[in-house]
Amino acid sequence: MGLSSIGTATEGMQLCIFDLRRGQHEGQELDKILYFFPPDLPFSTQLSVIGLSEGLITFTRIFSPEAACEVIEAERHSHVFYEAEPDIWMVMIVEKSKEPEAIWRIDALREVLKEIHSLFMMFHGSIRALLDKEPGGGLTRAHLYPFIMDYLRACQKLSPLDECCWDFLVGKKLLLPSFRDCLKERRTVQMLTVGREAAIEVQTLVRLLESSAGNAPCSSLILFQDLLVSTTLSPEDTVNLFTYAVLRLTPLALSSGARSWSYLRKGNTSSHVTAGSTLAPSGSVSEQFYGSQDTSPAGDNRYRVIRPLQHDKWSKGKDGFLITDIWGVDVGGSDVTTPIVWLQHTEERMYLCAYQYKSLTLILLIPLSSILNGEQGVSAVKQQLLENASLKILKVEEKLSKGWGGENAYHVSGYRYLIVDGNRDISRASPPAKVTTLTKESLLALNRLREEVDAEKSRSKWDNPGRDKDLEVSIRAKNNAWAIARITGGKELYMVLEKANETLLYASDAVEKFSNRYCSGAFSLD
């Protein structure tokens, strides 16, 4: 069967997760399927897709044992591979389209797979651990299906005019990251720039927060609006918790009908891909296999499945702490259960306590092992936090608000840019409203440039492992705009200059000025 034969005209995107260690004997093939979207496709089709993917992985491992297949480009489809855990693969198959908006970067699609897996692990632990806990696979499927469906529906449209890069699933359409998102970087955090005085106040607040649990080794995260102010977590755990906070915990996420300017969430029209039926027919064989596909909070009746990405499940309590019943309610029904997350860096389970005052969101993570009496102990920590830090919280919020320049705070006149610090998983970009002023030709040129940079970085990773490669690429668009990339020391700068249409020298000089003024010369050629 050729690559181009996968799927039909109504199956523009397929997403599957499978385990190479399972279903290797005749009659047990279904065991290897852990998740498949759309779920109502016949099992014969699901097995055909996964069988082809498995064959490609096995074949490419012959030539590259350490790094199997990453992408296969066929005539009608792009196959994007990601090995989330040893022998557990996620594969996205996207139908190519002649529609002008259906242009994407493969690395951007792979980042979606990475984000799904990282967020899943933060709430449920590893997929392999779930399979070891219940070898039949039912527990794993019961967790994966509602989680990924909630992820695809994660951000509801606020109005017909509101476009949001988190809103992947609208009816039967999946909105994939397109060329219009090329000045964004998924799985990075956006930082708030603060002055020296404010930074000292924030450091004092962090110490007060983490002292609220006594001698317990706590961690914290502080956000202002949708921007990160402080973190004591590892970069990977910071990205995961920041992503969730922007999605569900910040004031903009909690306020119904508010329009978000967040660099992470707000964007332009993404690629539309038909996904087929969203849910399997009630009582179907597929439903029985994946577990109940009911999207009610109860989820699958056979297993207790927590669904942390559900919409409108968080609210602000009278004491300022954020509350949700996602993790359950106590026996008396008066108090909700404190959320629990899993940190990848320390491999610890932590209580998540979130407090909000105006535009400031504070997240305190307390090890489960340090709280001996459960919810009662968590309540004591919350009370101690209020006693220790209330005045400092007011002061920090006031200081940050006074220094905040609004949603266009990081706009630089004449430039449309994206800066990525890969060593710290931090990015900064032109405000989305400013990016929308770019022409389609400029965005297509930058998307093409980023694809070239992605390919060069991939080659360099295997040719010179552990060593960052310096790189500069410039492309002139059809409208005479310049798309420029500079990579050095693990940092990346992408830029579009629509007014620099005279010479490459003029454009290069403009980049130098930007680097010296806003990046401390990090991207200067001198």
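The values are calculated or read from the model by the stated rules, or taken from the named source; none is laboratory data. As the structure is a computational prediction, the values presented were derived from the model and not from experiment. Because the Cβ atoms are built from the backbone with ideal geometry, glycine has one as well, and the counts that use them run over all protein chains shown. Please note that ligands, DNA and RNA were not included when accessible areas were found on the heavy atoms of the full protein model with its side chains. Shrake-Rupley method; radii C 1.70, N 1.55, O 1.52, S 1.80 Å.
Looking at (1) loosely packed, with under 14 Cβ neighbours inside 10 Å; (2) closer than 16 Å to CYS182 by Cα; (3) of a type outside the set (A, V, I, L, M), can you tell me which one GLY405 breaks?
(2)
Identify, from the list PHE18, PHE43, PHE37, the residue that is at pLDDT 90 or above and open to solvent by 10 Å² or more (accessible area, probe 1.4 Å). Lay out the reasoning, then the answer.
Working: PHE18 fails: open to solvent by 10 Å² or more (accessible area, probe 1.4 Å); PHE37 fails: open to solvent by 10 Å² or more (accessible area, probe 1.4 Å).
None of the others qualify; the one that does is PHE43.
If you scan segment 483-507, which residues turn out to be polar (S, T, N, Q) and modelled with pLDDT under 90? Please lay out each step first, then the result.
Going through segment 483-507, the residues polar (S, T, N, Q) turn out to be 488, 501, 503.
ASN501, THR503 - these are the residues of segment 483-507 that are polar (S, T, N, Q) and modelled with pLDDT under 90.
Any idea which of HIS124, HIS117 is open to solvent by less than 20 Å² (accessible area, probe 1.4 Å) and either at pLDDT 95 or above or of a type in the set (D, E, K, R) (or both)?
Numbers: HIS124 fails: open to solvent by less than 20 Å² (accessible area, probe 1.4 Å).
Being open to solvent by less than 20 Å² (accessible area, probe 1.4 Å) and either at pLDDT 95 or above or of a type in the set (D, E, K, R) (or both) holds for just one of HIS124, HIS117, which is HIS117.
Just one of LYS469, LYS461 is in a loop (DSSP other than H, G, I, E, B) and either at pLDDT below 90 or of a type in the set (Phe, Trp, Tyr) (or both); which is it? Step through it out loud before you land on a result.
Numbers: LYS461 fails: in a loop (DSSP other than H, G, I, E, B).
After ruling out the rest, the residue left standing is LYS469.
Kindly establish whether ALA409 is touching a Pro at 6+ places or on another chain (Cβ under 9 Å), at pLDDT 95 or above and not charged (D, E, K, R). Full working, then the answer.
Working: touching a Pro at 6+ places or on another chain (Cβ under 9 Å): yes; at pLDDT 95 or above: no; not charged (D, E, K, R): yes.
It is false that ALA409 is touching a Pro at 6+ places or on another chain (Cβ under 9 Å), at pLDDT 95 or above and not charged (D, E, K, R).
Identify the single condition in (1) at pLDDT 95 or above; (2) in a helix (DSSP H, G or I); (3) outside the structural domain of TYR244 (by the TED database) that VAL420 does not satisfy, given that it satisfies every other one.
With (1) at pLDDT 95 or above; (2) in a helix (DSSP H, G or I); (3) outside the structural domain of TYR244 (by the TED database) applied to VAL420, the lone miss is (2).
Every residue in segment 343-369 that is among the polar types (S, T, N, Q) and open to solvent by 60 Å² or more (accessible area, probe 1.4 Å), please.
Our first condition is that a residue be among the polar types (S, T, N, Q); within segment 343-369, this holds for 344, 346, 356, 359, 361, 369.
Selection gives THR346, SER369.
Can you name the residue in segment 195-252 that is of a type in the set (Asp, Glu) and assigned to a helix (DSSP H, G or I) and is also surrounded by the fewest Cβ atoms within 10 Å (Cβ to Cβ) among such residues?
GLU197
Conditions tested, residue by residue: (1) open to solvent by less than 70 Å² (accessible area, probe 1.4 Å); (2) touching a helix residue (DSSP H, G or I) at 6+ places or on another chain (Cβ under 6 Å); (3) outside the structural domain of LEU205 (by the TED database); (4) polar (S, T, N, Q).
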site: LYS316; (1), (2), (3), (4): no, no, no, no
site: ASP319; (1), (2), (3), (4): no, no, no, no
site: TRP327; (1), (2), (3), (4): yes, no, no, no
site: VAL341; (1), (2), (3), (4): yes, yes, no, no
site: ILE371; (1), (2), (3), (4): yes, yes, no, no
